[in-house]
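To start, the structure under review is shown below, and the notes come after it.
The values are calculated or read from the model by the stated rules, or taken from the named source; none is laboratory data. Model, not experiment: these values are computed from the prediction. Ideal geometry is used to build each Cβ from the backbone, glycine not excepted, and the neighbour counts take in all protein chains shown. With ligands, DNA and RNA removed, areas are computed over all heavy atoms of the protein, side chains included. Shrake-Rupley method; radii C 1.70, N 1.55, O 1.52, S 1.80 Å.
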Amino acid sequence: MDYEAYFQGELDAVRNEGRYRIFTEIERRCGNYPHATRYVEDRTEQVTVWCSNDYLGMGQHPAVLDAMHKTLDECGAGAGGTRNISGTNHHHVLLENELADLHGKEAALLFTSGYVSNWAGLGTLCAKLPGCVVFSDALNHASMIEGIRHSRATCRVWRHNDVEHLDQLLSEYGPDVPKLVAFESVYSMDGDIGPLADILDVCEKHGAMSYIDEVHGVGLYGPRGGGVAEREGLMDRITVIEGTLGKAFGVMGGYIAASAALCDFVRTFASGFIFTTALPPALAAGAAASIRHLKGSEIERARHKERVATVRRKLDAMGIPHLPNPSHIIPVMVGDPHKCKRISDWLMDNHGIYVQPINYPTVPRGTERLRITPSPVHSDADVEKLINALSDIWSQCELARRSAAA
């Protein structure tokens with residue numbers, strides 16, 4: 001077999017579909033973010049980032065940076081090993097305590113990323129519970145799907161946010177069958193929010209464990225940043241709350257929060273925890289500082305909410321199509337991979353606006369979009385520049401469509 005020819009042929013097919021991904025090389029400018037430096041061949045350009053998951057700008061917050069600098073000086077760069085072999089640092093323990101407190105749970109367990117926490121958490125629970133049947137929302141994240149696949153447990157997929165369908169599927173299994181329902185709070189591409197209370201009602205009716213992915217909710221929702229479940233007063237009813245440290249908290253890592261026995265169970269049996277080097281202590285300290293700050297500060301969340309509302313209102317005024325939803329994610333719908341890439345490139349090349357095209361397999365074909373994520377650190381001038389640029393390119397696209405139809 002000509003391996004190289006095969007690789008190249010597959011890549012060419014992706015390019016022809018218009019969904020080949022080109023990484024934009026940037027350097028975030030601490031203290032001046034969301035403005036960043038873009039590296040293009042032998043030159044640099046200044047850009048404004050509109051597609052970051054550092055939703056609150058905590059990646060440059062002084063409390064986070066001070067904690068990381070201090071811990072780096074005290075502990076050095078790395079953890080030194082896996083958590084089982086020399087890698088459990090005092091800062092990991094402190095961070096897990098902060099996370100357990102954030103979610104009102106007995107314990108929490110750290111992982112190297114939100115992807116790994118879903119893969120290892122779901123994979124371990126569903127594999128080790130004898131005869132477990134998993135009920136997975138149709139739009140669950142790839143990391144959740146991979147964890148469930150890895151477990152080899154029976155999986156039933158329920159229609160997205162369709163609680164009646166979930167109830168119907170659960171009804172097919174008796175009370176002696178271990179059951180786990182996996183779902184998200186905020187779905188990252190459409191920005192919709194799951195009917196958490198209704199889902200939990202059905203879980204409790206059928207004696208099923210509940211597993212919620214709050215990666216796009218933690219830090220942003222609830223009086224202390226515990227997520228949508230905290231905002232709605234539901235955390236105590238959820239078996240496992242999974243989250244990330246790499247989005248609103250601005251650092252890196254993932255975790256689950258649950259009972260002490262469940263966390264210890266995953267700690268003991270999850271290969272994704274046992275066999276990987278622990279997070280560097282400085283990252284753990286920075287994440288803990290971010291969580292502590294957001295537990296007590298509403299400033300960032302209030303400013304963030306206002307910025308999102310402002311961008312939505314201005315998009316509506318310009319007639320630019322975006323999915324209505326109750327979250328902070330603004331999907332500007334394009335519906336064609338080639339056009340989506342052209343718009344993204346045009347915004348970058350002509351206005352220094354960085355917003356990545358989102359295409360298949362992240363979203364279904366025909367629903368390609370620009371995923372805009374306003375933050376508290378976007379100024380009024382940043383917003384006006386974005387809206388004017390989008391209005392300009394949308395007008396050009398409409399003129400081109402009319403010319404082609406004539």
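A few points about this structure:
- Accessible surface computed residue by residue for the range 121-228, with neighbouring protein chains in place and a 1.4 Å probe, gives 37 Å² per residue.
- The alpha-carbon atoms of the range 22-101 define a convex hull whose volume equals 173 cubic angstrom per residue.
- Rh by Kirkwood over Cα pairs, then Stokes-Einstein D for the range 74-230 at 1.306 mPa s and 10 °C, µm²/s: 95
- Once the convex hull of all Cα atoms in the range 164-231 is built, its volume per residue stands at 85 Å³.
- In terms of its alpha-carbon gyration tensor, the range 111-155 comes out oblate; a/c meets the 1.5 threshold, while b/c is at least as large as a/b.
- Per-pair calculated FRET efficiency, R0 = 56 Å: Val93 and Gln46 via Cβ, rounded to 0.05: 0.85
- The count of lysine pairs in the chain whose Cα atoms are under 19 Å apart, excluding pairs fewer than 8 places apart on the same chain, comes to 8.
- Put simply, the amide H of Ile330, placed in the peptide plane, has neighbours under 5 Å in Ile372, leaving out anything fewer than 5 places away on its chain.
- Solvent exposure, largest accessible area first (probe 1.4 Å, DNA, RNA and ligands not counted), of Glu25, Glu146: Glu25, Glu146
- Calculation over all alpha carbon pairs of the range 275-368 in 5 angstrom steps from 0 returns a P(r) of 2, 11, 13, 15, 15, 12, 13, 13, 5, 1, 0 percent.
- Over all projection directions, the Cα-based convex hull of the range 106-199 averages an area of 6.6 nm².
- For the range 1-146, the spherically averaged projection of the C-alpha convex hull amounts to 15.8 nm².
- The range 118-132 - phi-based ³J(HN,Hα) in whole Hz, Karplus 6.51/-1.76/1.60, Gly and Pro as x: 5, 4, 6, x, 5, x, 6, 4, 6, 7, 8, 6, x, x, 4
- When only Cα pairs below 8 angstrom with a gap of at least 6 residues are kept, the chain shows a relative contact order of 22 percent.
- Taking a ≥ b ≥ c as the square roots of the eigenvalues of the Cα gyration tensor, the range 83-127 is oblate, since a/c reaches 1.5 or more and a/b is not larger than b/c.
- Values of log10 I(q)/I(0), in the order q = 0.06, 0.07 Å⁻¹, for the chain under a Debye, Cα-only, solvent-free model: -0.26, -0.35
- Rounded accessible area of Leu196 (nearest 10 Å², 1.4 Å probe): 0
- Ratio Rg/Rh, restricted to the range 316-394 and using Cα atoms, in which Rh is the Kirkwood radius: 0.94
- Cα gyration tensor category, rounded, prolate or oblate, for the range 201-287 with a/c compared to 1.5: oblate
- Remark: the range 177-336 projects, on average over all directions, an area of 12.2 nm² (convex hull of Cα atoms).
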